[in-house]
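Single-structure report; data block below.
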Amino acid sequence: MSARGRRLTIFLPVLVTLTLGVLVGLLVVVQAQRQNAQVVEADDVATQYLADVSTFRSEVGREVRGVRQADPGDLRRVLRKAVADPPELGDAPAYGTERSEVWQEAVATQQALLQPYRRLDRTLRRADVALAYIETARKVLGMRASDYVGTGVLSDSAAVRARLIPAFSRARAELDSVRVPQGQQRLAATVRGAVQYVIDQATALADSVEANRGFSFTYAEQFQTAIDAVDDYATVVNGNVAEAINAVTDPG
């Protein structure tokens, strides 16, 4: 074998090895570029989602702010319509989603997106019940016995039995017909107890007048205790609503 033949015999394996090395290197570069592209794609999808979320939050906040003084039931209907179509996180390659920090942020945002709106919805639902009860309680506690029997000494029991007792009995029935807010049984007992006190004392008054015995009563303390309890509860309810509204209109 000539010297040239021996050199070719040695060179060809080396050439094949170098060629394979170059091909492997190219495959590694291509794979790295492909993987990087998948991360970029995940970043882009997540970034678009976060932008859509920002717009969604702004739009919902604007809708809620516009009716924040409305009745809780009306506000709740506006809220539900406003959040009915939240943005959705699109699809991206698994490799990219596993390595994209923006994607992880988007996933966390998606999981928590509706939480403040659901909280507001629950708060408004409870407030709707609470305010209906508060309105009725305040109406009843605004009643005055003198509106039914006048002032001064009573010479007979007719007005007491025909007007005063029936009026407060109807008020008691009205209270009983209104749903008591969850956890407010004690408040309801205080309000009802104040009304029942007037009925009981008015009955005793009528009996005393008919028996020609002296009798008088006052219910200011019972009513004021009930009024204060209702006012305190109303403050809590309104505060809870305001806090829940602020969470969706001024998330900070």
Quick one: if you stick a label point 7 Å off each Cα along the C-beta vector at S146 and A204, how many nm between them? 2.2
PRE reach from Q111 (point 7 Å along Cα→Cβ): which of region 60-95 fall under 19 Å by backbone N? 87-92, 94-95
Beyond 16 Å, what percent of the Cα pairs of region 124-190 remain? 54
Ratio of the chain's C-alpha Rg to 2.2 N^0.38 Å, to two decimals? 2.12
Counting alpha carbon pairs within less than 8 Å and at least 6 residues apart, what relative contact order, in whole percent, applies to the chain? 22
Measuring from the longest principal axis of the C-alpha atoms of the chain, the long axis of helix 3-66 (C-alpha) lies at a number of degrees, nearest 10, equal to 20
Measure off, as a whole percent, the carbon and sulfur share of the 1.4 Å-probe accessible area of the chain, all protein chains present. 52
Alpha-carbon Rg with Dmax, taken over region 127-249, Å: 17.5, 66
Over the alpha-carbon set of region 51-140, work out the extent along each principal axis and list the three values in angstrom, largest first. 67, 20, 16
For the chain, the longest principal axis of the Cα atoms and the Cα long axis of helix 101-112 enclose an angle in degrees, to the nearest 10, of 20
Quick one: if you stick a label point 7 Å off each Cα along the C-beta vector at K139 and S58, how many nm between them? 4.4
Once you have the Cα-Cα distance between E98 and N238, take 0.36 nm times their residue separation minus that, and quote the gain in nm to one decimal. 46.0 nm
Which whole-Hz couplings ³J(HN,Hα) result when phi for each residue of region 230-247 is put into the Karplus expression 6.51 cos²θ - 1.76 cosθ + 1.60, θ = phi - 60°, listed in order with x for Gly and Pro? 5, 4, 5, 5, 4, 4, 5, 4, 5, x, 5, 5, 4, 5, 5, 5, 4, 5
What nm value, rounded to one decimal, do you get for the distance between T225 and A84 when each label is placed 7 Å out toward the C-beta? 4.9
FRET efficiency (D71, S216; Cβ distance; R0 45 Å; to 0.05) is 0.60
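The values are calculated or read from the model by the stated rules, or taken from the named source; none is laboratory data. The shown structure was predicted, so the numbers you read here are calculated from the model rather than taken from an experiment. For neighbour counting, all protein chains shown are included, and Cβ atoms are generated from backbone atoms with ideal geometry for every residue, glycine included. For accessibility, only protein heavy atoms count, side chains too; no ligands or nucleic acids. Shrake-Rupley method; radii C 1.70, N 1.55, O 1.52, S 1.80 Å.
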